[in-house]
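Taken together, the values in this text are just the output of simple stated rules run on the coordinates, not laboratory data. The structure displayed is predicted, hence computed values, not measured ones. When we count neighbours, we look across all protein chains shown, and the Cβ atoms used for this are built from the backbone with ideal geometry, even at glycine.
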Amino acid sequence: MERTMHSFYTKLRATVGQTTQTIKEKLEDILKMHTVKVADMAEMIQTHPNSVMSEQTLLYITYRTYRLNVEKNMVLYMETKVTSQAEKKAVNGERILAIEIRSLSQSLFSYRSYENKVDLQEPVKVEHFIENLIHDYKENSPTGEPCPWAKTEA
């Protein structure tokens, strides 16, 4: 009797373990959030041909803002400080201060460098259409060079 119970318990335990693993995998697929790196967002905003850049120097420090309108209902906005390439967290000679992705009614993503919650190379959770937008741009980007052609506002 004890052997039978032990055998039954062993089989039950294996079956429950397999079922638990299957359920966990299915839930992960269903709940999977789309991710993208903050650095990839910044690169797209900085190098996209439709981005508009403005530059301002205050107390000998140069700041740049980039604005990219996507379709009619979404704006990607980035603020940077021009710096040396050697400075930590500098991308293409600029340190990212803030990134904001907004729809007409709400903020979809916000990054602030002073919060230090997210590293630039760390994937962050975003809506699927933001991930698709950035992925499509990276796939179809003509050169990937830093924005030599960016429009400058007066």
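Quick notes on this structure:
- Remark: for residue pairs 37/81; 26/117; 24/125; 72/117; 26/125; 37/138, the C-alpha separation exceeds 22 Å in 26/117; 72/117.
- Coil-residue trypsin sites (Lys or Arg not before Pro) of region 104-136, DSSP, other Cβ within 10 Å capped at 14: 117
- Spin-label pair residue 6/residue 103, simplified geometry with 7 Å Cα→Cβ offset, distance in nm: 6.0 nm
- The fewest-to-most ranking of 66, 60 by surrounding Cβ atoms within 10 Å reads 60, 66.
- Modelled FRET efficiency - R0 41 Å, residue 138 with residue 22, Cβ distances, 0.05 increments: 0.75
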